[in-house]
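Engineer: Can you keep this structure in mind? I'll have questions shortly.
The values are calculated or read from the model by the stated rules, or taken from the named source; none is laboratory data. The shown structure was predicted, so the numbers you read here are calculated from the model rather than taken from an experiment. Using ideal geometry, Cβ is built from the backbone for each residue, glycine included, and neighbour counts are taken over all protein chains shown.
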Amino acid sequence: MNTIVSAADLAAEMGAGPAPALLDVRYERAGPSGRAAYAAGHIAGAVYVDLEAELAGPAGAGGRHPLPEAAVFGEAMRRAGVSGSSRVVVYDGGQGWAAARAWWTLRWAGHGDVRVLDGGLPAWTAAGGELATGQTAPGRGDFTPEPGALPVLDADDAATLARTGVLLDARAAARYRGEVEPLDPVAGHIPGAVSAPTAENLRPDGTLRSARELAGRFAALGVAADGGGVGVYCGSGVSAAQQVLALAVAGIDAALYVGSWSEWSADPARPAATGSQPG
């Protein structure tokens, strides 16, 4: 599975020939759209993609960031110049959550060549990469989504996997323990899930830890080397995508519970565990 590209390698690739389709997916939870930041400075050739409107459907019973309608997502990708044969690179402001959601959604929709810029835009500028301003108008792409290329969990699947495999909770540990809950109606975690905050996948500079380090981290959390029976959730299926990406870097396939805690906690019939243990 295609996963990440360093800033240096991306720059070399862009200098050696036709650039990949570049998607700027900067996103701030509960903050303003990343469109203004994109206009103020982005990697030359990149097109802005709105996570809320184009990488997710409307919030509702399926959570805050359910899967987008295939037609809406496909149109957004074609507008951004993505074709079925394109090499695609996605980036965000550095945390990797939004870029990973774009990577995952494209891979789920059947695109075979998608990478995340490791460390995002901060890594690009730190490596001496220049920024362009204004808007980019690429040629229209021809990508047509064929959803289902990556595994997805629903609430029942997540509950079962927490008992029979390994279900990783990608949120901050305090939210997992139920000590705080800034967004959803109930605090805690899915019973049986294991706390695995996404921040621990990163080095201090915001790039992903090495494949060996990540494999060791996930092994310590109970994930088998062959990845059998692994799923991830978070608050609304965004930061969990970064965990799926980190698992892929470690050579482990994992399923994403897209509805995540925002869907689970909205259903009064679903139990919530608290404390530091899976429960």
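Engineer: Over 21 Å from residue 134 (Cα atoms) and at pLDDT 95 or above: does that describe residue 55?
Structural biologist: Yes.
Residue by residue, here is whether (1) of a type in the set (A, V, I, L, M); (2) touching a helix residue (DSSP H, G or I) at 6+ places or on another chain (Cβ under 7 Å) holds:
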residue: 13; (1), (2): no, no
residue: 22; (1), (2): yes, no
residue: 31; (1), (2): no, no
residue: 42; (1), (2): no, no
residue: 48; (1), (2): no, yes
residue: 70; (1), (2): yes, no
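Engineer: Being surrounded by fewer than 22 Cβ atoms within 10 Å (Cβ to Cβ) and either on the phi > 0 side of the Ramachandran plot or out of contact with any strand residue (DSSP E or B) (no Cβ under 8 Å at 6 or more places or on another chain) (or both) narrows it down to one of 63, 57, so name that one.
Structural biologist: Answer to the selection: 57.
Engineer: I would also like to ask the following. Are there strands (runs of 3 or more DSSP E) fully within segment 77-175 with at least 3 residues that are in the same structural domain as residue 20 (by TED's automatic domain parsing)? List them.
Structural biologist: Counting at least 3 such residues, we get 88-91, 114-117.
Engineer: So how many residues does segment 43-56 have that are over 15 Å from the mean Cα position of the chain (by Cα), more than 17 Å from residue 91 (Cβ to Cβ) and part of a loop (DSSP other than H, G, I, E, B)?
Structural biologist: Number satisfying all stated conditions: 0.
Engineer: Shifting gears a bit: Please determine, by comparing only the residues of segment 231-252 that are surrounded by fewer than 24 Cβ atoms within 10 Å (Cβ to Cβ) and in contact with a strand residue (DSSP E or B) (Cβ under 8 Å, 6 or more places away or on another chain), which one is farthest from residue 119 (Cα to Cα).
Structural biologist: For segment 231-252, the residue satisfying everything is 252.
Engineer: Do any helices (runs of 4 or more DSSP H) entirely within segment 176-267 hold 1 or more residues that are on the phi > 0 side of the Ramachandran plot, and if so, which?
Structural biologist: Qualifying helices (runs of 4 or more DSSP H): 260-264.
Engineer: Within segment 224-255, track down each residue that is in contact with a Pro (Cβ under 9 Å, 6 or more places away or on another chain) and acidic (Asp, Glu).
Structural biologist: Listed by number, the list holds a single entry, 253.
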